[in-house]
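Engineer: Got a structure for you, questions after.
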Amino acid sequence: MSPKRRRQDRFREPEVNRYDDESNNPIGEDEDSGIPPEGDDDMVLSEDEIPVEQFLAPDNESEFVYPDKNVNFTGSWILIWIFKYQARFRLSDVAIDSLIKFFQQVLMDADQMRFKDFPSSLHTASSLLQIGKQSKTYAVCPSCNTLYNVTEVVAEEGFKCTHVEFPMKSKGKSCGMELTMQVPLTSGNKRRPKLLFPLPNLKIQINSLYQRPEFKQQLRKWTNRQIDNGMLADIYDGEIWKNFPDTSGVPYFTPETADSHLGIMINLDWFQPFDTSVYSCGAIYGVVCNLPRKIRFKKENILTLGLLPGPNEVKLHKINHYLSPIVDELLEFWNGVEIPAAGKNVRLVLICCSNDIPAARKLCGHISASVSCHRCYKRANSNGNKLNFGGFDDMDDWFVERDLEEHRRNAEDWRLCKSEEERKRHVSSTLVRWSELLRLPYFNLIRHLIVDPMHCLFLGIAQTIIKKLWIDGNKITKHDQEKMEKRAKTIKIPTDLGRIPNKIATGEGFSGFTADQWKTFILIYAIPLMWDLLAGPDRQILGNFVRACSLLVCRIINYNVLNEAHECLLKVAKLIEENYGPERITPNLHLCLHIADCCWDYGPLYSFWCFSFERMNGILGRLLCRLFNYLSLY
């Protein structure tokens with residue numbers, strides 16, 4: 001039986017009264033909470049009637065129908081081949097339209113009677129195969145990100161945004177941003193929205209997955225696994241999957257409902273679709289966790305929940321406008337949706353958010369990670385103008401899981417704030433803002449928001465230790481880097497472990513290292529390349545960090561492994577504080593202390609880290625870049 005970790009190293013149940021670090025008042029109940037007295041311009045309403053900012057998506061007028069899977073006409077196999085050819089070689093619609101026209105001419109010359117109904121354009125081919133726009137599209141306000149129906153926006157000349165951010169004030173002003181622009185066409189000008197938000201239909205995507213012959217069988221495979229107690233080999237061995245409650249309190253994931261009760265993990269990230277200009281688009285992906293890990297993250301199994309328009313990343317709580325219609329769909333699936341291809345009612349729940357730190361804070365409404373941890377009660381210390389997370393002597397007081405109900409109350413109170421300044425004071429006091437994900441009755445914005453190991457360990461701590469502490473601190477000189485690069489070239493490793501990091505001495509050192517290269521360097525190269533170049537305390541830092549990473553990346557782990565990895569990461573943080581000062585304890589050095597708990601909940605790192613999502617982002621970014629480059633030629 002595995003030994004339990006020390007009490008200060010494990011989450012404890014939160015106490016009934018949680019007190020603020022800087023006062024003797026409960027958090028959220030401080031007399032100086034930043035809420036000013038009501039002014040003359042405030043509306044006098046009862047508590048139930050107080051209007052708050054709405055993030056509702058407008059009703060979409062397009063009628064939803066599932067595609068008919070029994071489509072059959074002469075030559076349909078030819079069209080299917082053409083569309084598969086387009087997908088395989090990533091060809092444009094213009095090219096495929098020309099190819100279909102060519103096929104139509106050839107087939108008509110071969111047998112006019114047989115192929116008289118063969119389509120003559122991409123549009124008619126898509127209609128015959130029912131490959132339509134399986135998504136809703138909203139017009140977006142470029143200023144406040146409010147969503148509107150496209151038909152309503154383009155119908156009125158000079159349509160302006162009517163969204164009011166603070167409706168509880170009688171003098172609250174609407175946004176007033178114009179939503180349309182005139183686009184010159186050959187036949188004249190046409191009004192079009194400045195920004196569009198395409199929302200792929202989740203029901204269509206789930207229905208398409210069920211149309212695959214082996215899909216149901218793949219969903220049921222997790223029920224036949226043989227794993228010893230205490231071993232974690234996949235997400236199914238974690239506490240979340242085993243104990244996720246249904247509406248009646250019974251387990252949601254059971255062998256009897258393996259092919260109809262789905263659990264998804266989502267990721268939000270931004271990418272650059274252009275090579276020559278700075279333009280950030282966002283994408284919210286989802287994966288079906290019921291699928292085996294070896295196929296779970298394949299691009300054909302990735303769900304696209306939303307594509308966020310640019311040119312800049314969405315600011316803080318404004319992302320709720322985009323989350324609102326996504327949450328509406330998730331609420332439908334919580335109650336159950338009839339999926340024709342499945343032949344039954346299918347339910348779907350969101351069980352995990354896996355993102356980098358900025359995206360995680362936007363999705364779930366937490367304050368910046370530079371100020372406070374979203375999982376425990378640790379707040380940053382102020383050391384001049386720089387915040388840090390140093391101080392481990394009182395770990396027993398703050399290493400406590402945050403109270404979800406307290407978070408929800410504070411988020412609701414954020415909606416009642418009457419000005420931007422009041423909101424800022426509220427967030428500074430409670431560390432919380434509203435998130436539309438709070439509308440999901442089952443979702444825990446604290447526990448279900450994991451700490452991503454890819455960003456935390458390899459893009460975060462590894463860079464901090466090697467570049468900030470040792471290279472910038474002149475512990476590793478330029479000559480040492482050149483020596484390390486020469487040593488690295490003599491080490492032969494299997495090709496499937498990644499490329500050799502051959503840019504160690506380039507630029508300021510370790511220039512342009514990707515997360516995968518940092519992982520390879522830490523796990524394989526770091527100790528043989530650097531050990532004799534470091535002093536005693538730095539060797540301890542490196543040794544403990546490499547040991548922790550080596551344990552955590554195992555495909556199968558157990559509780560003893562997690563305990564040891566946690567102890568090593570804690571030693572790394574304490575050694576850095578002891579030798580370099582508390583100001584060197586970054587948010588990542590604190591967040592890594594929660595990675596073991598994330599593994600307890602979701603299994604090994606491979607089950608939830610962002611590596612697979614990042615690959616999908618790269619595919620989408622390259623695809624759009626090629627498309628825009630192609631269109632620029634015309």
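Engineer: Rounded to the nearest 0.05, what FRET efficiency do S120 and E338 have when you use their Cβ-Cβ distance and R0 = 41 Å?
Structural biologist: Working from the Cβ atoms, E equals 0.70.
Engineer: In addition: Which net charge results for the neighbourhood of N383, defined as the other residues with beta-carbon distances under 11 angstrom from its beta-carbon, given Lys and Arg at +1 and Asp and Glu at -1?
Structural biologist: Here the count lands on +1.
Engineer: Multiply the residue separation of N189 and D246 by 0.36 nm, subtract the distance between their alpha-carbon atoms, and state the gained length in nm to one decimal. Let's see the in-between values first.
Structural biologist: Values: separation 57, 0.36 × 57 = 20.52 nm, distance 5.38 nm.
Full extension from N189 to D246 adds 15.1 nm.
Engineer: Now for a separate question. Of K101/K190; K136/K418; K386/K489; K483/K574, which sit over 31 Å apart, Cα to Cα? Show your work: numbers first, answer last.
Structural biologist: Numbers: K101/K190 28 Å; K136/K418 33 Å; K386/K489 39 Å; K483/K574 29 Å.
Cα-Cα > 31 Å for K136/K418; K386/K489; rest within.
Engineer: Hey, which of these cross-link pairs are over 27 Å Cα-Cα: K467/K571; K294/K571; K173/K378; K84/K315? Each step should come with its number before you reach the end.
Structural biologist: On the way: K467/K571 20 Å; K294/K571 34 Å; K173/K378 38 Å; K84/K315 38 Å.
Over 27 Å apart, Cα to Cα: K294/K571; K173/K378; K84/K315.
Engineer: Further, regarding this structure: Going by average Cβ density within 10 Å per residue, which order do the peptides 242-255, 368-381 take, highest to lowest?
Structural biologist: Result, highest mean Cβ count within 10 Å first: 368-381, 242-255.
Engineer: A follow-up question, please. Give the calculated FRET efficiency between N224 and T137 to the nearest 0.05, with a Förster radius of 41 Å applied to their Cβ-Cβ distance.
Structural biologist: Using R0 = 41 Å, I get an efficiency of 0.45.
Engineer: Net charge near A125, counting Lys/Arg +1 and Asp/Glu -1 over other residues with Cβ under 12 Å of its Cβ?
Structural biologist: Working: positive: K101; negative: D93, D97, D117.
With Lys, Arg at +1 and Asp, Glu at -1, the neighbours total -2.
Engineer: Once you list every other residue whose beta carbon is under 13 Å from the beta carbon of L195, what net charge do they have if Lys and Arg are +1 and Asp and Glu are -1?
Structural biologist: +2
Engineer: With r as the distance between the Cβ atoms of T477 and T162 and R0 = 41 Å, compute the FRET efficiency 1/(1 + (r/R0)^6) and round to 0.05.
Structural biologist: Numbers: r = 62 Å, r/R0 = 1.50.
For R0 = 41 Å, the calculated efficiency reads 0.10.
Engineer: Let me ask another. How much length is gained if the chain between Q112 and Q211 is pulled fully straight, taking 0.36 nm per residue apart and subtracting their Cα-Cα distance, in nm to one decimal?
Structural biologist: Working it through step by step, the gained length comes to 32.3 nm.
Engineer: Would you list V553, V153 from the most to the least accessible area, probe 1.4 Å? Provide the component values of the computation, followed by the final result.
Structural biologist: Details: V553 20, V153 0 Å².
Most to least solvent-accessible, the answer reads V553, V153.
Engineer: Separate question: Which of rounded, prolate, oblate describes the range 206-257, given a ≥ b ≥ c as roots of the alpha-carbon gyration tensor eigenvalues and a/c under 1.5 marking rounded, otherwise prolate only if a/b is larger than b/c?
Structural biologist: Oblate, because a/c is 1.5 or more while a/b does not exceed b/c.
Engineer: OK, next. Choose one of H455, F443, T477: the residue whose Cα lies farthest towards the positive end of the charge dipole of the range 434-490 (beta-carbon charges +1 Lys, Arg; -1 Asp, Glu; about the Cα centre).
Structural biologist: T477
Engineer: Which value, in Å² and to the nearest 10, is the accessible area of I541 when all protein chains are kept and the probe is 1.4 Å?
Structural biologist: Answer for I541: close to 0 Å² accessible.
Engineer: Sticking with this structure for a sec: State the extension gain, in nm to one decimal, for the chain segment bounded by T254 and S368, taking 0.36 nm per residue of separation less the distance between their alpha-carbons.
Structural biologist: Length difference between fully extended and current span is 37.3 nm.
Engineer: I would also like to ask the following. Provide the per residue accessible area, probe 1.4 Å, for the range 137-236, rounded to a whole number of square angstrom.
Structural biologist: 53 Å²
Engineer: Mind putting a number on the dipole of the range 135-292 about its Cα centre? Charges go on the C-beta only, +1 for Lys and Arg and -1 for Asp and Glu, and I need it in Debye to the nearest 20.
Structural biologist: Roughly 620 debye, rounded to the nearest 20.
Engineer: Using the Cα centre of the range 141-222 as origin and beta-carbon charges of +1 (Lys, Arg) and -1 (Asp, Glu), tell me which of P198, H163, S174 is placed farthest towards the positive end of the dipole.
Structural biologist: Going by the Cα projections, it comes out as P198.
Engineer: Taking a point 7 angstrom from the Cα of I80 along the C-beta vector, which residues in the range 210-237 have backbone N less than 17 Å away?
Structural biologist: From the range 210-237, the list is 210-215.
Engineer: Moving on. Can you tell me, using C-alpha contacts under 8 Å and at least 6 residues apart, the relative contact order of the range 81-150 as a whole percent?
Structural biologist: After rounding, I find 20 percent.
Engineer: How many Å² of accessible area per residue for the range 298-417, probe 1.4 Å?
Structural biologist: Using a 1.4 Å probe on heavy atoms only, each residue of the range 298-417 averages 35 Å².
Engineer: Which residues' amide hydrogens lie under 5 Å from the amide hydrogen of T180, considering only partners 5 or more residues apart or on another chain, with H built in the peptide plane?
Structural biologist: Sorted by chain and number, the residues that satisfy this are F159, K194.
The values are calculated or read from the model by the stated rules, or taken from the named source; none is laboratory data. Here the structure is a predicted model, which means the values were calculated and not measured. Positions of Cβ are backbone-derived with ideal geometry, glycine not excepted, and every protein chain shown enters the neighbour counts. Ligands, DNA and RNA are stripped out before the accessible areas are found, and what is left, the full protein with its side chains, is counted by its heavy atoms. Shrake-Rupley method; radii C 1.70, N 1.55, O 1.52, S 1.80 Å.
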